[in-house]
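Heads up: the structure comes next, in structure tokens.
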Amino acid sequence: MAKPRSYSGTDIDISFDMSRCIHSRNCFLSLPQVFDPARKPWVDPDAVPAEEVAAMIRTCPSGALQFARKDGGAEERPAGINRVRIQENGPLELTGDLRLNGESHTRLTLCRCGASKNKPFCDSAHKEAGFAATGMPPASDKDSGGNEIGAVLEIRPVPNGPLGLVGPMEVTDATGGRIARGEKLFFCRCGQSANKPFCDGSHKAGGFSAPAEE
């Protein structure tokens with residue numbers, strides 16, 4: 001897997017991990033002066049003030065874009081409450097104080113269609129696969145706390161099974177409505193559950209295959 005590319009500016013450095021990009025186009029649509037795929041190099045960290053660059057990067061859902069301030073400005077901090085947002089026909093979008101394979105993250109998009117070649121991350125394979133799953137599922141009966149401020153959310157992919165999340169979290173639909181709260185929930189990542197976004201064991205009959213650590 002290719003290493004993230006770095007783009008150094010006067011007041012801010014930007015890194016880009018192509019393997020985690022889901023092509024939401026937030027960067028280009030928000031700051032085309034800085035992020036322009038038609039230009040080489042496509043990133044110009046000095047095109048606008050560093051705070052504008054940092055604010056835009058904080059909206060990159062996958063975490064493919066990261067920044068490091070060189071001007072003494074504020075670095076990124078995790079959101080206060082860990083959140084799992086369900087994207088329409090797409091991945092799980094996580095924000096908060098996240099841990100995956102011993103590494104810290106603040107923003108991730110994780111595959112729930114089963115087709116990603118970069119599991120557990122989304123690689124936009126759901127588009128070609130024609131994955132269909134609502135981003136507006138009904139509220140569930142899962143409500144066991146889950147909005148503790150500043151807590152860590154551990155991401156634990158189960159071998160050949162669901163995505164286990166351990167730690168306080170709030171699960172929301174695409175518009176922010178609460179679906180569930182909890183401290184240990186299992187999410188479908190094979191694309192076959194009849195109870196999406198949660199696992200219902202369909203991965204067993206469907207022969208889903210994915211190691212715990214990809």
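Computed from the coordinates by the stated procedures, all read-outs in this text should not be read as laboratory data. Fair warning: this is a prediction, and the values are worked out from it, not measured in the lab. Backbone-built Cβ (ideal geometry, glycine too); neighbour counts: all protein chains shown.
Data table
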read-out	value
Residue order, fewest to most beta carbons within 10 Å, for 172, 134	134, 172
Extension gain, residue 39 back to residue 134 (0.36 nm per residue minus Cα-Cα distance, nm)	30.6 nm
Dipole magnitude of the chain, debye to nearest 20 (Cβ charges: Lys/Arg +1, Asp/Glu -1, about Cα centre)	600
For the chain: relative contact order, % (alpha-carbon pairs under 8 angstrom, 6 or more apart)	16
Structure-based [θ]222 nm, the chain - -39500 (n - 2.57) summed over DSSP H runs of at least 4, per residue, nearest 500	-2500 deg cm²/dmol
Options 121, 96, 193, ranked by Cα towards positive dipole end of the chain, top entry (Cβ charges)	193
In Hz, Karplus ³J(HN,Hα) per residue of the range 95-102 (6.51, -1.76, 1.60; θ = phi - 60°; x = Gly, Pro)	9, x, 9, 9, 10, 9, 6, x
Pairwise label distance in nanometres, residue 11 with residue 148, each label 7 Å out on the Cα-Cβ vector	3.9
Most mobile of 202, 116, 24 in a GNM of the chain (Cα contacts under 10 Å)	24
Extension reserve of the residue 55-residue 71 stretch, reckoned as 0.36 nm per residue once the Cα distance is removed	4.3 nm
Built amide H within the under 5 Å cut-off of residue 135, gap 5+	88, 89
Net lengthening on full extension, residue 117/residue 194 (0.36 nm per residue, minus Cα-Cα)	25.4 nm
Anisotropy class of the range 25-77 from Cα gyration tensor, a/c 1.5 cut	oblate
Charge tally in the Cβ shell below 14 Å around residue 67, where Lys, Arg are +1 and Asp, Glu are -1, residue 67 excluded	-4
